[in-house]
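Coordinate-derived values only; no laboratory data. For clarity, every value in this text was computed on a predicted model and none was experimentally measured. Cβ atoms come from the backbone with ideal geometry, glycine included; neighbour counts cover every protein chain shown.
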Amino acid sequence: MTEMTGHTVKSYDQELRRLSALIADMGGMVENQVALACRAVIDKDSDSASRAMEDDPKVDAVEREVEQFVMRLLALRQPVAQDLRQIVASLKITGDLERIGDYAANVAKRSLVLDQYNLPYTLTGLAHMSRLVQEGLKLVIDAVGEGDTDKAMQVWRSDEVIDEIYNALFRELITYMMEDPRNITPCTHLLFIAKNLERIGDHATNIAEDVIFWVQGADVRHNASTEEHPEHAPGHVGP
């Protein structure tokens, strides 16, 4: 976890706090949007689907506000070191949050189509995947708010599990489609929903990488040595 120091110019501190508040607001909106979309699919809740889709323009509006705020900070404050990393990371984080919101809206839209079908199989696997995705998203949003690299690294390492569940779902749904042509349309929608959830997990991983870069100045993207040797990971303490 990072320890933030104050600046001589107090208005600069206020601006950085304002930036953090905008990111927190956007993170909360997106977290709720994903929860609504998942509920729409698993519980066949059309009201949740509608609310998830209605929230998407609000998320986009916050992203534009953050972009304008960041441009102003870069122009007027000329930040360096950790301040610069925080501001640049904030810009990237909002981009990932916006994409997560888009995927949530897509899940919600497909859930409405899926409601028209009586599925001959359970959604247990998809429900498990959605829970893991939501847990990872909540954890990484907390990591952003707290500057917590331990939480960020936990999310970064969990992405492989979500990918494995997606691959298993893919094989299962293809099997259903081969067994009965009537399953093709609903299974196709389920495949897209599962893929959207997998992509939400990917963007959560991107955010985790940005938190680690902001706090520690370390780049863990495509870092195979970190996966194979945890002792190389940022924040690791041990022999």
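Can you give the FRET efficiency to the nearest 0.05 for Lys92 and Ala168, using r as the Cβ-Cβ distance and R₀ = 45 Å?
Working: r = 31 Å, r/R0 = 0.68.
Step by step, r from the Cβ atoms, then E = 0.90.
Listed cross-link partners Lys10/Lys92; Lys10/Lys138; Lys109/Lys138 are compared with a 29 Å cut-off, the Cα-Cα value being larger for Lys10/Lys138. Assuming charge only on the beta carbon of Lys and Arg (+1) and of Asp and Glu (-1), the dipole of the chain about its Cα centre is about 460 debye to the nearest 20. The stretch between Asp219 and Glu67, if pulled fully straight at 0.36 nm per residue, gains 52.5 nm over its current Cα-Cα span.
The alpha carbon centroids of the range 83-129 and the range 139-157 are separated by 19 Å.
On a 0 to 90° scale, report how tilted helix 10-42 is relative to the longest principal axis of the chain, with both axes built from alpha carbons and the result rounded to the nearest 10. The two axes meet at around 10 degrees. Counting every pair of alpha carbons in the chain, the share spaced more than 31 Å apart comes to 30 percent.
Of the three principal axes defined by the Cα atoms of the range 49-144, the extents in descending order read 59, 24, 13 Å.
The simple Förster model, with R0 at 25 Å and r as the Cβ-Cβ distance, assigns Leu119 and Val161 a FRET efficiency of 0.50. The slack in the chain from Glu146 to Gln78, taken as 0.36 nm per residue of separation less the alpha-carbon distance, amounts to 22.1 nm. Can you give the angle from 0 to 90° between the axis of helix 46-77 and the longest principal axis of the chain, with both taken from C-alpha atoms, to the nearest 10? So the helix axis and the longest Cα principal axis differ by about 20 degrees. Would you list which aspartates and glutamates come within 17 Å of Lys58, measuring only between C-alpha atoms, while excluding same-chain residues fewer than 8 positions from it? Candidates past the 8-residue exclusion: Asp25, Glu31, Glu67, Asp96, Glu98, Asp102. Here the gap between Leu112 and Gln14, fully extended at 0.36 nm per residue and compared with their Cα-Cα distance, gives a gain of 30.9 nm.
Look at the dipole of the chain built from charges on Cβ: of Pro186, Gly201, Val220, the Cα furthest out on the positive end belongs to Pro186.
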